[in-house]
Amino acid sequence: EHTGKFLEHFGSYVNNTDQSCKWHFLTWYSQVPPGLIVIKYILLTLGYLQELGNIVLDLDRIRERIFQSPGGNRTLFLVILEKCFPALSSMECVDILSQVLRVSSVSYLQPDVIRSLPKDLPQDTFRNLSAVFKDLYDKTTANAQRTLYDWMKQILQKSYITNGMLNIKRKTSLLNTMRLFISYDNATKQLDTVYDITPELAQAFLERINSSGFDLSNTSTIYRLGLLVCFYDDMEQMDAIVARVLLHQMMKCNQLRGFQADVYKLKAQLLDIAMQNQTLNDTLGSLSDAVVGLTSSQLDSLSPEAVHNAISTLNQVSGWAKSQIMVLSSKYLTSEKVLSFYNISQMGALVTGISTQSFYNMNPKELSQVIRGTLSQYASDLSPAQQQGILTKMLASRDLSSAVTDIQGAFFKEICLSDLWKETGFNSSIVKEKELRKSQALFLYELLSKKTTAPADLLSIGQLVKGVTCQQIERMSTDSFLNNFRFFEKNLQLLSPYQVNCLAWKFWKASNASIPPFLLSVLPAQYLESISGTLCVPFLISLGKTELDLIIVNLHKKNTVLQKVQECLNSSISDEYDVDILGNLICHLPPAIIRDGISLRAMAIALHQFRFCRQLSHEQKTEIKYKLTELYGIPENWTAQTTQDIGPFVALLSKEELTVLSLLLCIFVSFLQGDYNRSCLFSLCFDFCPDCTGITAPSSDEIIKLAEANAFWSVQELECLDTDTFTKNVEFLGTVMSFNRSQLIVLKEKAKQVWGALPGWKSYHIVSLGRIALALNESEIEALDLSSIDTVAALSQQTEWTLVQAKSILQGFLEDSGQTVHGLKSFDLAGLGANLCALNTTDIKTIKTTEFSAVIARVGLLPCSTPVLEEFKKVAESVFGIAAEWNSSIIHEIGTIAAGLNEREFKALDKDVMPYFQPAAIRHIPDEVFKVSAWLLKKCDILSLLLYYKQTAILIYASIWISSRGSQTVVCGPPVVHELHSGCPRIVPSKVRA
């Protein structure tokens with residue numbers, strides 16, 4: 001603190017001293033500890049140290065160090081706010097403040113900070129500063145937004161500045177010149193930004209506009225309303241032309257925060273008006289994105305010509321359901337004799353509805369253009385069958401080298417390992433901008449490392465770090481490793497726990513004094529003992545930037561690390577700086593620390609961080625609830641902004657507390673994420689919201705609003721769904737993950753009632769069912785038309801099929817498509833997915849090796865039975881050679897298929913491939929084969945084996961104990977083994993593996 005005050009004082013006149021004094025000052029200044037580095041940056045930025053002769057100041061490096069320190073950028077922000085405006089021109093301060101805010105956390109903009117902002121800024125300065133706040137507005141809390149609004153209102157009331165940032169959310173005296181405002185050329189641009197406006201405020205605006213002399217039914221006025229059109233309610237005597245204008249303007253309504261159910265309802269009403277006295281074929285191109293509200297059956301009634309003529313509108317629409325896309329794509333392509341790059345480029349999102357067979361039948365050159373163009377944007381929306389159909393055609397119709405070069409992004413990830421083996425001309429430039437599977441990365445890194453002596457050339461291609469083995473890390477020279485470590489650190493999320501552990505040991509050997517603190521957390525527990533005092537903050541910062549669950553799998557080890565975290569914190573988190581330092585570690589704080597260790601000052605910031613935690617325990621949530629009431633008082637005193645900021649934690653409140661908040665929750669329910677789907681919360685909304693009381697059957701409005709909470713409808717209420725509501729919402733209901741079997745059966749029966757007999761169902765009917773299809777029994781599946789692999793691929797996306805149902809789907813596809821197992825193409829295998837587990841061993845023998853090899857990585861994701869995996873293993877041997885010679889990339893490529901190895905094959909494996917068994921494969925290894933792990937331990941170095949996935953290490957260790965429990969002997973080794981020792985006698989493989 002004293003050093004900071006001295007710097008602040010001395011820096012103001014250092015430029016007036018002689019050169020010798022400057023030199024001595026800089027020498028001392030360069031030794032200022034990292035905690036005060038922010039002061040250095042302020043002095044430099046504000047111009048106090050501009051003239052230092054030949055001395056070179058690395059401002060960028062200083063800036064980088066500040067922004068790497070969680071507390072540094074907050075300090076910089078607050079000091080600039082406090083000291084900058086009095087010392088420099090306000091324009092300079094706005095520029096500095098803008099830089100700091102854009103590269104740091106917007107959580108610094110707390111209400112008390114906003115209230116301290118100057119209120120006498122010149123117009124230009126206010127305009128520039130408010131522009132900065134406009135760009136960051138989305139990321140601030142609701143309370144901060146309200147405070148920011150109040151601050152701006154005070155300034156605007158004094159100066160009457162019309163400013164683009166003004167988020168018009170409140171009824172204020174500034175708006176009494178509404179006529180002038182709506183006439184203002186920039187009005188539409190401003191009203192297009194009020195995405196968080198509520199229906200009540202929108203109605204107030206519309207009423208004020210109407211009363212100021214504007215005709216709301218006039219098209220020129222409608223064009224100026226911005227997002228207010230999303231709440232338009234003057235439907236009396238509206239003609240079809242006005243309805244179409246409104247629908248066109250309403251394309252922007254997907255920007256709204258919430259209230260989409262209300263928008264959907266309004267679009268449906270306008271759609272009916274727009275289509276009065278006209279056919280759907282005639283009006284399709286003028287209905288804007290309201291066409292999303294048309295059912296698949298309505299779209300199926302369209303003529304191909306109508307779809308073709310309206311494609312320029314349809315390709316701009318978002319929010320299509322898969323069944324709608326299938327119908328429209330089929331209609332559009334009906335009029336196209338040849339599928340080409342041109343007609344596909346016209347389709348936008350509808351391209352994902354093109355059938356697998358159509359892609360496969362395309363001209364390869366045209367297809368090559370398509371995957372670099374339109375398809376690159378929608379690759380993730382294609383089914384496995386579609387992706388494989390495209391890839392198969394690309395690889396089969398041209399030389400591998402040029403095909404691999406053309407295959408971009410996520411498509412490259414689908415290339416099988418055996419195909420990569422055939423290409424010997426790879427260089428690092430070909431791999432850039434491509435997404436890799438780990439097995440691909442293992443092969444490519446090994447191959448490319450033989451062609452270059454500079455690891456940086458490979459490691460700088462982020463995806464390739466997945467393929468670096470421990471042996472390769474160990475072989476790096478000390479200088480090479482330390483110089484290239486930044487590439488590993490930058491791509492930490494791509495590394496396995498095994499790789500991180502190897503990096504830690506390498507760094508410890510290479511330079512234990514400078515090892516990044518987070519790496520100490522993956523070393524044996526005694527290595528953490530050296531962390532104390534001044535080493536604590538760097539340790540917390542470093543660990544807080546990582547995902548703890550990704551680098552430490554072992555629970556006991558994780559608890560040891562968290563104990564060290566508590567020691568470093570002295571079991572208390574006193575202010576926002578402590579929260580900054582903790583970073584992601586805040587998600588792992590024990591309940592006692594949350595209850596007694598977090599101050600209220602810190603809790604206001606911590607709450608924002610807790611919202612991003614994915615797996616808080618019940619005990620942690622309980623303590624967070626206690627803190628909420630300490631921080632904000634009892635729920636009946638909460639404001640709308642407080643409710644928004646609390647977000648998913650409203651689910652922690654009791655029913656009585658929720659009753660108090662019900663009106664607020666009904667407004668903001670669409671903002672909530674996480675574990676909030678409790679029936680009492682949503683029943684409150686229906687008790688208090690207008691037009692909901694007494695309704696027995698769900699309405700479209702309710703279904704859209706409730707999302708996953710639709711699972712709380714009773715079977716009887718779902719039975720009462722009317723035909724129109726079911727038809728419009730079947731696809732939405734098919735996405736609800738929490739429906740039980742009884743609810744699914746009711747919805748299936750409703751589908752039969754609406755669509756008629758099963759043999760008459762079209763492909764889009766089956767696809768639209770989603771999870772509802774899980775209720776189909778064996779005979780019902782047999783009655784469906786499953787001749788299209790695209791239909792089957794849609795069914796395969798569901799993961800809860802029974803073996804009997806899977807057999808029916810598999811058999812139905814083979815019979816309806818007229819194929820045999822021997823004739824299946826690779827895209828057929830990809831589309832069948834988990835239904836392949838229903839194959840018998842005789843049929844598996846007939847699968848063509850070339851087709852199987854193309855999708856072997858996908859088959860390796862399937863949770864099949866041991867006999868099926870054993871048979872798949874035999875087919876894999878025909879692709880990769882005998883199992884005893886498989887390397888790490890093959891073992892990882894084949895996934896669960898590796899669980900089909902027998903005892904003899906396990907014993908023959910090279911010890912170095914063990915870390916590359918996927919966890920899913922380990923879970924599927926039969927117990928009698930799993931015990932062979934003890935044999936592997938005898939033939940390899942214990943440390944290198946135990947360094948891979950920690951849960952696997954425990955299992956192997958347990959199997960040794962089991963095999964020797966008669967004599968109660970325990971294998972001992974390096975420190976990492978001792979961590980497992982105390983728990984071994986209580987471990988049994990079946991439970992641990994489960």
Q. Quick check: is even one residue across region 850-858 β-branched (Val, Ile, Thr), farther than 30 Å from ALA757 by Cβ and buried (at least 23 other Cβ atoms within 10 Å of the Cβ)?
A. yes
Q. Which residue, of LYS564, LYS557, is assigned to a helix (DSSP H, G or I) and in contact (Cβ under 8 Å) with a residue 60 or more places away in the chain?
A. LYS557
Q) Wholly within region 749-796, which helices (runs of 4 or more DSSP H) include no fewer than the required count, namely at least 1 residues that are under 14 Å from SER323 (Cα atoms) and open to solvent by less than 10 Å² (accessible area, probe 1.4 Å)? A) 763-768, 789-796
Q: Scan region 503-512 and give yes if some residue there is modelled with pLDDT of 85 or more and open to solvent by 60 Å² or more (accessible area, probe 1.4 Å), otherwise no.
A: yes
Q: Return the only residue of GLY293, GLY258 being within 26 Å of ALA751 (Cβ to Cβ) and within 35 Å of the chain's Cα centre (by Cα).
A: GLY293
Q: For ALA775, state whether it is over 30 Å from LEU271 (Cα atoms), of a type in the set (A, V, I, L, M, F, W, C) and touching a residue at least 24 places away in the same chain (Cβ under 8 Å).
A: yes
Q | Within region 331-344, tally of residues that are in a helix (DSSP H, G or I) and closer than 20 Å to GLN388 by Cα | A | 2
Q. Quick one: ILE847 ticks every box in (1) part of a helix (DSSP H, G or I); (2) more than 34 Å from the chain's Cα centre (by Cα); (3) buried (at least 19 other Cβ atoms within 10 Å of the Cβ) bar one, so which box is it?
A. (1)
(Q) Criterion first (closer than 27 Å to ALA854 by Cβ and outside any helix (DSSP H, G or I)) does THR799 satisfy it? (A) yes
Q. For ASP596, which of the numbered conditions (1) open to solvent by 40 Å² or more (accessible area, probe 1.4 Å); (2) closer than 22 Å to TYR527 by Cα fails to hold?
A. (2)
**Q.** Residue check for SER383: out of contact with any Phe, Trp or Tyr (no Cβ under 7 Å at 6 or more places or on another chain) and open to solvent by 30 Å² or more (accessible area, probe 1.4 Å)
**A.** no
(Q) So, LYS625, is that one assigned to a helix (DSSP H, G or I) and more than 24 Å from GLN493 (Cβ to Cβ) or not? (A) yes
Q.
Looking at the structure I just gave you, is THR820 modelled with pLDDT under 95 and more than 23 Å from SER418 (Cα to Cα)?
A. no
**Q.** Out of SER335, SER318, sole residue that is over 33 Å from the mean Cα position of the chain (by Cα) and not β-branched (Val, Ile, Thr)
**A.** SER335
Q: Take region 800-820 and flag every residue that is over 35 Å from the mean Cα position of the chain (by Cα) and within 18 Å of LEU758 (Cβ to Cβ).
A: GLN811, GLY812, GLU815, ASP816, SER817
Q: Could you please tell me which pairs satisfy a Cβ distance under 6 Å, a separation of 6+ or placement on different chains, a first residue in region 244-263 that is farther than 10 Å from ASP289 by Cα, and a second residue that is open to solvent by 30 Å² or more (accessible area, probe 1.4 Å) and among the hydroxyl-bearing types (Ser, Thr, Tyr)?
A: ARG244/SER286; VAL245/THR219; GLN255/TYR195; LEU256/TYR195; ARG257/TYR195; GLY258/SER670
Q: Please work out if GLU619 is modelled with pLDDT under 90 and part of a helix (DSSP H, G or I).
A: no
**Q.** Which numbered condition THR424 misses (of (1) under 21 Å from SER496 (Cα atoms); (2) open to solvent by 40 Å² or more (accessible area, probe 1.4 Å))
**A.** (1)
Q) Of all residues in region 880-896, which are part of a helix (DSSP H, G or I), touching a residue at least 12 places away in the same chain (Cβ under 8 Å) and not hydroxyl-bearing (Ser, Thr, Tyr)? A) PHE880, ALA883, ALA884, ILE890, ILE891, HIS892, GLU893, ILE894, GLY895
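The values are calculated or read from the model by the stated rules, or taken from the named source; none is laboratory data. Since this is a predicted model, take the numbers as computed values, not measurements. With ideal geometry, Cβ positions are generated from the backbone for all residues, glycine too; neighbour counts draw on all protein chains shown. Ligands, DNA and RNA are stripped out before the accessible areas are found, and what is left, the full protein with its side chains, is counted by its heavy atoms. Shrake-Rupley method; radii C 1.70, N 1.55, O 1.52, S 1.80 Å.
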